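The values are calculated or read from the model by the stated rules, or taken from the named source; none is laboratory data. Here the structure is a predicted model, which means the values were calculated and not measured. With ideal geometry, Cβ positions are generated from the backbone for all residues, glycine too; neighbour counts draw on all protein chains shown. Quick note on the areas: whole protein, heavy atoms, side chains included, nothing else; ligands and nucleic acids left out. Shrake-Rupley method; radii C 1.70, N 1.55, O 1.52, S 1.80 Å.
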Amino acid sequence: GWHDIPLRDRLHERLGRPVYLDNDANLGAVGEYWWGAGRGARNVAFVKIGTGVGCGLILEGHIYRGEIGSAGEIGHAVIDEDGPPCRCGSIGCLEAMAAAPAILQAYREAVGHPQQQNGLTISDLIDAAQQGDSTARRLFALAGRRIGTALTSLVNLLNPGIIVIGGGIARAGTYFL
């Protein structure tokens, strides 16, 4: 419902300050570069893992958007050509295998409730892992390995000085990393 809404202009008028809009991964990269873990680095990758997987890139001190503005869509890198379908239309994308919906579905299947929409959230699953749930721990570790596979390619292609992991799944901490 936000299509064709001049949000930036309205906020600028209301606040009397410059306003910039961007996606969460790019803004996460900017925030980490200016104020967070990426301070002092020229090349920063911020990988946001939640309902999707995205990557904001700061290269040589500037946000990198690519030719048509789609740079950083690491969630749609294919990591398993025999993997599940992704919402982008491809097969085996990182997002379809390591984002929150994929982890939650894998958990439901592992405990015998594949179709049940019981209100389980990724926060619930993180809490379960912290309380010793071995299935939740195993699934976070698997998702972490999948993210690691994609990050290996990111490092080999762009060689960022630092990679910052953020988003809702980052709270899983050591179970994920």
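A few points about this structure:
- Some residue of the stretch 41-53 being loosely packed, with under 13 Cβ neighbours inside 10 Å and either at pLDDT 95 or above or over 20 Å from residue 122 (Cβ atoms) (or both): no
- Residue check for residue 27: under 20 Å from residue 60 (Cα atoms), part of a helix (DSSP H, G or I) and open to solvent by 60 Å² or more (accessible area, probe 1.4 Å): yes
- The stretch 152-177: number of residues that are small (Gly, Ala, Ser), touching a residue at least 12 places away in the same chain (Cβ under 8 Å) and open to solvent by less than 50 Å² (accessible area, probe 1.4 Å): 5
- Subset of the stretch 56-115 (residues that are in contact with a Pro (Cβ under 9 Å, 6 or more places away or on another chain), open to solvent by less than 30 Å² (accessible area, probe 1.4 Å) and within 20 Å of residue 151 (Cα to Cα)): 57, 58, 92, 93, 95, 96, 97, 102
Listed here are the residues, each with its yes/no results for (1) over 30 Å from residue 58 (Cα atoms); (2) at pLDDT 95 or above; (3) outside any helix (DSSP H, G or I).
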{"residue": "69", "(1), (2), (3)": "no, no, yes"}
{"residue": "109", "(1), (2), (3)": "yes, no, no"}
{"residue": "118", "(1), (2), (3)": "yes, no, yes"}
{"residue": "137", "(1), (2), (3)": "yes, yes, no"}
{"residue": "142", "(1), (2), (3)": "no, yes, no"}
{"residue": "163", "(1), (2), (3)": "no, yes, yes"}
{"residue": "169", "(1), (2), (3)": "no, no, no"}
